[in-house]
1. Tell me, how many Å apart are the Cα centres for region 77-101 and for region 109-170?
2. Ignoring everything except DSSP H segments at least 4 long, calculate the 222 nm mean residue ellipticity for the chain; use -39,500 (n - 2.57) per segment, divide by total residues, nearest 500.
3. Where does helix 2-23 land angle-wise versus the long Cα axis of the chain, in degrees 0 to 90, nearest 10?
4. Excluding residues fewer than 8 places away in the same chain, name every one of the lysines whose C-alpha is closer than 17 Å to that of residue 96.
5. Under the rule of at least 5 residues apart or a separate chain, name every residue whose amide H is placed under 5 Å from the amide H of residue 62.
6. In the neighborhood of residue 184, defined by Cβ-to-Cβ distances under 12 Å, what is the net charge if each Lys or Arg adds +1 and each Asp or Glu adds -1?
7. If the label point is 7 Å along Cα→Cβ of residue 156, which residues in region 166-207 have backbone nitrogen under 17 Å from it?
Amino acid sequence: MKTTFIATLAAVTMLSGAAYAANAPATTSDGFFFKPYIGADYEYSNVSYNNVTGTGVSYGDIFADSFNGGDVHVGARIQKYLGFEAGYFDTASESKSNILGTSLSSSAKFDGWTLDAMGYLPVDDAQKFELIGTAGIARTTASGTITVSGTTYSANGSETKGRIGAGAQYWITDNLNVRGLVRYQDADFGGIANNVIVTSLGLNWQF
């Protein structure tokens, strides 16, 4: 009887351990693995503009500098400390009127694709809370219009620039986490912009 009880206890312990390992967040493993995820974020982007050459006027006096938007992304965690992510982002069109006290008005928006390496650092024993560092590139298309005396002129341009970021995420369940990030992205667009700061908050579902 004693031998049977010990054998049963050992079997239950092994099965419990296997079940935990199968459902635990990726951060509990020190080796390499492949755990894909999908997610979506709300994004708030703030553009830092340059001055118009030869004047004291900033392009920020002409175009909006704050943009609401969002992104959808797919990624994969391949190790406790490393992953990769690709995404698509889009902002709402933001307008500006009475530019420099005149009847001029403008609108602008951004959209594009991103690719980032993601670094993770678990900071608690349960490994539910993680710090994040990111480094990657963004292919951004900017579209803008200026309306003068009822006539609208439009232009757009695309560029690929680097970006870095930092933030944190918390695992609500073994599959779901909430994540906040702040990213610095280089920008130019023909000398109009200097950089963009993108703040995001969203959810990820890991399979």
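1. Centre-to-centre distance over Cα atoms comes out at 4 Å.
2. -3500 deg cm²/dmol
3. 10 degrees
4. Leaving aside lysines fewer than 8 places away in the same chain, those within reach of residue 96 are 109.
5. Placed amide hydrogens put nothing under 5 Å from residue 62.
6. +2
7. 189-190
Rule-based calculations on the coordinates, nothing more; no lab input. Nothing here was measured: the structure is a model prediction, and the numbers come from that model. Reconstructed Cβ throughout: ideal geometry from the backbone, glycine too, with neighbour counts over all protein chains shown.
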